[in-house]
Amino acid sequence: MKSITSDIVVVGTGIAGISAAIETVKANKNTILVSSGKFCSGASFYPGTWGLGMVVAEDEEDKKDFVDTIMDVGCGIPNEKLVTTLIENAESYIKDFMNLGIKFRRPIDGENVIPCFDKKPRKWYGFDFKTAKIAFSKLKEDKNLNILENTNLIKIIKDEKDSFSSAIFITDEGEYIQIFAKAIIIATGGFTNIYKYNLSTKDMALNAHIPAVEVGCKLINMEFIQFIPAYITPHYKTIFNERVFNYITLKNKNGESILKDNLPNFLNEKQVLKERSTHGPFTSRLNSKYVDINMFKEYLKSKEGIRFTYPKDILNIKDTLIFNYFKWLESKGALDDSEIIIIPFAHAANGGIDINEKAETSIKGIYSAGEVTGGVHGADRIGGLSTVNAMVFGKIAGKESVKYIDKKEIEEPNSKKDIEKYFIEENNLVKEVKNYDLEEKITYIRELMYNNASIIRKKKDVKEAIKIIENIESEFNIYNYLYNSQQSKKAFVLRNYIKMSKVVLNSILNRENSLGSHYIED
């Protein structure tokens, strides 16, 4: 197994990882930046939209109100210290991004925007992918930085003092690399890839939650996952703009409204669509929930999505978020009169690795930032804060890791283990091994998770899903694939899906009542 040494290893090249690496190389620390795909990848640069919204407090007086609102929308679940850190640093860090050359879109006519789930306008910035990639690419020229692309984290190792020691990675070609460093920053993004319909990119199949928890980090709030509508056809996985709910009728394949006869007596179709137009993700807190619930029930019944057409004057609607979205669609040649079919997609995880306000995990030398973490967001998340979270805590993780490594030496062991030694325990756990079609099992788990653990969750179905996945686990042995370069990475993906699905399903069971994005029907 090939080995490399560095001061710091940063895993992930989205906004969180790049923000961290900017700080570590600025401090003249040798840094290895590992990307599961290409540089500037993952949800931070998701191709199915024009860019990402970012929101901050309007002024100093607004900061406390914003923190209180985040706590309220999160149903008391967020860590208030993290939320305060987020809001205190947000705008100054955006200005740091501007100084790098990143251009931010501003609201039309200068007005502020009411973010989804919020109660009042906040200051809005539109993070533009094109200029961000140009600005971030300058980082590649730094002498302190080494970038590894198409490489995924599979194992984290501690030293005798219970601190980070090294990490093992697998390349797309099945080569193993062990990186010895003084600290690691985990910024690999969320885990929505475990669902059939998701807005992750393909390179995010091996997220870092399992390696982190196996080494002793804690996972929190894993049941809170945001689902938003996106296209099935045309232009698969294009994000739907929720503001448009106000102007359309949702229909089944027979052209019938899915809401008209499927709402409580005290509600009508116009009411719920108007409320639904104020937020992107599904929530069980509001009456708008009946839109997503009926969309999902229609999918389970027909295995097809929900249909609508855009109004012809859509570009004339005076709304910053509608304007930016449809101008982007138009520029892609994707705005026409054709019928659109949508369905709820797993969009973002609100839970993940537990961190404090210094981006520290429970293990010394392991830092984390971005969507891979939990604590900043709660049962629901205000729109525009996921990107801010990645930027703020990515930067903090970089700064804090630099302070930490000044007191630490790289402790490279005299004798390096072969890869199988790190997974020998799993070989001893499996009694009867089956030669799986790996892709088939991955697809099966993702469909199982979508049908039983997305919009509508029933305890009986969740318990049955756990049994099914445990049965798959009992017959799967990663040990058998370690030296099969054609299948080793895919085998680690299946291992990850098995373990992540169990974590999420058990978190769902442990949260007995509906709360925000978590909806228990029974």
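For this structure, a couple of remarks:
- Candidates Leu263, Leu259, Leu267: the one that is part of a loop (DSSP other than H, G, I, E, B), out of contact with any strand residue (DSSP E or B) (no Cβ under 8 Å at 6 or more places or on another chain) and either crowded, with 20+ Cβ neighbours inside 10 Å or at positive phi (or both) is Leu259.
- Residue among Asn480, Asn451, Asn496, Asn471 that alone is more than 17 Å from Ala205 (Cβ to Cβ), within 20 Å of the chain's Cα centre (by Cα) and either in a helix (DSSP H, G or I) or at pLDDT below 95 (or both): Asn451
- Selection from region 246-256 of residues that are surrounded by fewer than 16 Cβ atoms within 10 Å (Cβ to Cβ) and part of a helix (DSSP H, G or I): Tyr247
- Scanning region 245-287 for residues being within 25 Å of Lys196 (Cα to Cα) and aliphatic (A, V, I, L, M) gives a total of 3.
- Every listed requirement among (1) more than 19 Å from the chain's Cα centre (by Cα); (2) modelled with pLDDT of 95 or more is met by Thr233 save one, (2).
- Listed conditions (1) touching an Asp or Glu at 6+ places or on another chain (Cβ under 6 Å); (2) buried (at least 21 other Cβ atoms within 10 Å of the Cβ) are all met by Asn350, apart from (1).
Yes/no matrix, rows are residues, columns are (1) in contact (Cβ under 8 Å) with a residue 40 or more places away in the chain; (2) within 17 Å of the chain's Cα centre (by Cα); (3) farther than 26 Å from Arg285 by Cβ:
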site: Ala16; (1), (2), (3): yes, yes, yes
site: Glu23; (1), (2), (3): yes, no, yes
site: Leu33; (1), (2), (3): yes, no, yes
site: Gly53; (1), (2), (3): yes, yes, no
site: Asp59; (1), (2), (3): no, no, yes
site: Met71; (1), (2), (3): yes, no, no
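Yes/no per residue for (1) under 26 Å from Asp128 (Cα atoms); (2) among the hydrophobic types (A, V, I, L, M, F, W, C); (3) assigned by the TED database to the domain that holds Ile15; (4) part of a helix (DSSP H, G or I):
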residue: Leu315; (1), (2), (3), (4): yes, yes, no, yes
residue: Lys318; (1), (2), (3), (4): yes, no, no, no
residue: Phe326; (1), (2), (3), (4): yes, yes, no, yes
residue: Leu335; (1), (2), (3), (4): yes, yes, no, no
residue: Ile341; (1), (2), (3), (4): no, yes, no, no
residue: Glu357; (1), (2), (3), (4): no, no, yes, no
residue: Ser362; (1), (2), (3), (4): no, no, yes, no
residue: His377; (1), (2), (3), (4): yes, no, yes, no
residue: Ile382; (1), (2), (3), (4): yes, yes, yes, no
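- Ala57 being within 30 Å of Lys237 (Cβ to Cβ), in the same structural domain as Gly17 (by the TED database), among the aliphatic types (A, V, I, L, M) and in contact with a strand residue (DSSP E or B) (Cβ under 7 Å, 6 or more places away or on another chain): no
- Any hit, region 303-318, residues being modelled with pLDDT under 95, under 22 Å from Met54 (Cβ atoms) and not hydroxyl-bearing (Ser, Thr, Tyr): yes
- Conditions (1) within 16 Å of the chain's Cα centre (by Cα); (2) assigned to a loop (DSSP other than H, G, I, E, B); (3) of a type outside the set (A, V, I, L, M); (4) farther than 29 Å from Ile322 by Cβ: number failed by Cys217: (1)
- Candidates are the residues of region 270-288 that are basic (Lys, Arg) and crowded, with 17+ Cβ neighbours inside 10 Å; the one that is farthest from Ile520 (Cα to Cα) is Arg276.
- Here Gly42 meets the list (1) at pLDDT 95 or above; (2) touching a helix residue (DSSP H, G or I) at 6+ places or on another chain (Cβ under 7 Å) almost entirely, failing just condition (1).
- Helices (runs of 4 or more DSSP H) enclosed by region 11-107 - at least 3 residues per element that are acidic (Asp, Glu) and surrounded by fewer than 21 Cβ atoms within 10 Å (Cβ to Cβ): 60-73, 80-100
- Residue that is farthest from Tyr450 (Cα to Cα) [pool: residues in region 289-307 that are among the charged types (D, E, K, R) and buried (at least 18 other Cβ atoms within 10 Å of the Cβ)]: Arg307
- If you filter region 364-375 down to residues that are part of a strand (DSSP E or B) and within 19 Å of Asp7 (Cα to Cα), you find that the one that is nearest to the chain's Cα centre (by Cα) is Ser368.
- Any hit, region 110-119, residues being modelled with pLDDT under 95 and more than 25 Å from Thr283 (Cα to Cα): yes
- Top-ranked residue of region 343-355 - restricted to ones that are outside any loop (DSSP other than H, G, I, E, B) and aliphatic (A, V, I, L, M), ranked as farthest from Ile70 (Cα to Cα): Ile343
- Consider region 270-303 and keep the residues that are over 25 Å from the mean Cα position of the chain (by Cα) and part of a loop (DSSP other than H, G, I, E, B). The one that is nearest to Ile343 (Cα to Cα) is Lys303.
- Test: Thr201 is surrounded by fewer than 18 Cβ atoms within 10 Å (Cβ to Cβ) and of a type in the set (Val, Ile, Thr): no
- Just one of (1) modelled with pLDDT under 95; (2) under 14 Å from Ile342 (Cα atoms); (3) of a type in the set (A, V, I, L, M) fails for Ala205. It is (2).
- Residues satisfying the stated conditions in region 167-183, i.e. under 9 Å from Thr151 (Cβ atoms) and of a type in the set (Asp, Glu): Asp172, Glu175
The values are calculated or read from the model by the stated rules, or taken from the named source; none is laboratory data. None of the values given here were measured: they were computed from a predicted structure. Cβ sites come from the backbone with ideal geometry, for glycine too, and all protein chains shown count toward neighbours.
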